[in-house]
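Q: Quick one: this structure, given as structure tokens, is what I'll be asking you about.
What follows is calculated from the coordinates using simple rules that are stated; it is not laboratory data. For clarity, every value in this text was computed on a predicted model and none was experimentally measured.
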Amino acid sequence: MRRQRQLSERLERLRKLAGASGVTVAILVPALIGLSIALSPWFSWTENALSDLGAQGPGAPIFNSALMLGGCLVFLFALGLGEMLRDHLLGRLGASLLISDGFALFAIGLFPETAGRVHSDVSVAFFVLLPFSLLPLGAAFVLTRRSRALGLYAIGASILALLVWLPPWRGVAIPEALASFPAAGWSLLVGVRMVKEARRLEPIRVRPVRSV
């Protein structure tokens, strides 16, 4: 009984932390990117990449720090998803890919455009891993009946994250945003759900043994 109680408490803490991370990354990272854009009057949505914000100007440290913080939060969020969907193969697969995507996001901030080719490599990794993590996660949500709406949302976001790269763009800031921000919205909704579910994981109370 004591072990069950300890396990319940750990699951509660993990889901609360993961859920809070999912909510925070969806709000804080876009806000910091917006601040970086506000500090970069030269930035153009049609001519630049979002990564250009991390290469020059006063907004560069804000942008790069936002991505590194976001990578850490995505990692924690994905750990919680893996626990929540541990009994489903697609759920575990999607969570594992999302963990890798968190590392890629962190690396984009750690290695900005001024770092050379490594920046391009980790950027491509991030935008490839993102849809291929959302797709199995969405399928797992639908198949396990956790939330059909959230599952379909994730599947739709994954398809959008692939299709946005088909048109010829002069700058890639727009497709980068279209690929990333719907995923952030999904993270927000799932994060709120995880926090609520964690509150329902009441620790099992161990009754004291009466002495004879």
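Q: Just to confirm my numbers, what's the Cα centroid distance between the range 94-170 and the range 56-73 in Å?
A: The range 94-170 and the range 56-73 have Cα centres separated by 18 Å.
Q: Multiply the residue separation of Ile159 and Asp121 by 0.36 nm, subtract the distance between their alpha-carbon atoms, and state the gained length in nm to one decimal.
A: Stretched out fully, the Ile159 to Asp121 stretch lengthens by 11.5 nm.
Q: Report relative contact order for the range 80-202 in percent, whole number only (criteria: Cα-Cα under 8 Å, sequence separation at least 6).
A: 20
Q: Once the Cα atoms of helix 2-38 and of the chain are each reduced to a long axis, what angle between those two axes, in degrees from 0 to 90 to the nearest 10, is obtained?
A: Between helix and principal axis, roughly 20 degrees.
Q: Let me ask something additional. Just want to confirm a number: the relative contact order over the chain, from Cα pairs under 8 angstrom separated by 6+ residues, in percent.
A: Values: 340 pairs, mean separation 66.3, N = 212.
Result for the chain is 31 percent.
Q: Relative to the longest principal axis of the chain, what angle (0 to 90°, nearest 10) does the C-alpha long axis of helix 89-110 take?
A: Once rounded, the angle reads 40 degrees.
Q: How much length is gained if the chain between Arg148 and Arg86 is pulled fully straight, taking 0.36 nm per residue apart and subtracting their Cα-Cα distance, in nm to one decimal? Let's see the in-between values first.
A: Details: separation 62, 0.36 × 62 = 22.32 nm, distance 1.79 nm.
So the chain would gain 20.5 nm between Arg148 and Arg86.
Q: Quick check: the angle from helix 60-84's long axis to the longest principal axis of the chain, C-alpha only, nearest 10 degrees?
A: Once rounded, the angle reads 30 degrees.
Q: A further question on this structure: Explain nothing, just compute: Karplus ³J(HN,Hα) = 6.51 cos²θ - 1.76 cosθ + 1.60, θ = phi - 60°, for every residue of the range 152-157 in order, whole Hz, x for Gly and Pro.
A: For the range 152-157, the Karplus curve yields 5, 4, 4, 5, x, 5 Hz.
Q: Continuing with this model, one more query. Could you calculate the contour length gain from Phe103 to Ser65, that is, 0.36 nm times the residue separation minus the distance between their Cα atoms, to one decimal place in nm?
A: 12.3 nm
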